[in-house]
1. Would you be able to tell me the number of residues in segment 48-89 that are farther than 17 Å from ALA25 by Cβ and assigned to a strand (DSSP E or B)?
2. Which residue, of ALA58, ALA32, ALA25, is among the small types (Gly, Ala, Ser) and under 14 Å from THR75 (Cα atoms)?
3. Scanning segment 1-41 for residues that are aliphatic (A, V, I, L, M) and in contact with a helix residue (DSSP H, G or I) (Cβ under 9 Å, 6 or more places away or on another chain), which turns out nearest to PRO59 (Cα to Cα)?
4. Taking the conditions exactly as written (closer than 16 Å to LYS88 by Cα and surrounded by 13 or more Cβ atoms within 10 Å (Cβ to Cβ)), does TYR39 satisfy them or not?
5. Of the residues that make up segment 56-71, is at least one out of contact with any Asp or Glu (no Cβ under 8 Å at 6 or more places or on another chain), exposed (fewer than 10 other Cβ atoms within 10 Å of the Cβ), modelled with pLDDT of 95 or more and of a type in the set (S, T, N, Q)?
6. Across segment 1-23, what is the total count of residues that are touching a Lys or Arg at 6+ places or on another chain (Cβ under 6 Å) and either part of a strand (DSSP E or B) or more than 23 Å from SER67 (Cβ to Cβ) (or both)?
Amino acid sequence: MKILPKVIEHKGFTLKQLKREGDKAIYEQSKAGFKAKRYEVIRINRHNGYTLGGQHIAPAETYPGASQWGVNGWTCVDLKSAESKYKKL
């Protein structure tokens, strides 16, 4: 199974994993040119592999998509509130 990377580049943002236990993690969100950082608390998703357009997609962990925000992912403005949310999961 492909494991979720510790550093993810997505739409101009860099997400760095700060903490992980089992299926929950905290990622620090930053963007070049911006001083402010945000923190994303997530429940890590998984799939068992599938076929798409004739191509086999191997089993992997996945980051919650936009439609899962508020259910499996939350953005926090500081690390303290991210840690609090993380502990509640």
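The values are calculated or read from the model by the stated rules, or taken from the named source; none is laboratory data. Here the structure is a predicted model, which means the values were calculated and not measured. When we count neighbours, we look across all protein chains shown, and the Cβ atoms used for this are built from the backbone with ideal geometry, even at glycine.
1. Total satisfying the criteria: 6.
2. It is ALA25.
3. Top of the filtered list is ALA25.
4. Here the answer is yes, as TYR39 does meet what is asked.
5. There is at least one residue in segment 56-71 that is out of contact with any Asp or Glu (no Cβ under 8 Å at 6 or more places or on another chain), exposed (fewer than 10 other Cβ atoms within 10 Å of the Cβ), modelled with pLDDT of 95 or more and of a type in the set (S, T, N, Q).
6. Residues meeting the conditions: 3.
Conditions (1) within 20 Å of PRO5 (Cα to Cα); (2) touching a residue at least 24 places away in the same chain (Cβ under 8 Å); (3) of a type outside the set (Ser, Thr, Tyr), marked per residue:
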{"position": "LYS24", "(1), (2), (3)": "yes, yes, yes"}
{"position": "ALA36", "(1), (2), (3)": "no, no, yes"}
{"position": "ASN48", "(1), (2), (3)": "yes, no, yes"}
{"position": "LEU52", "(1), (2), (3)": "no, no, yes"}
{"position": "ALA60", "(1), (2), (3)": "yes, yes, yes"}
{"position": "SER67", "(1), (2), (3)": "no, no, no"}
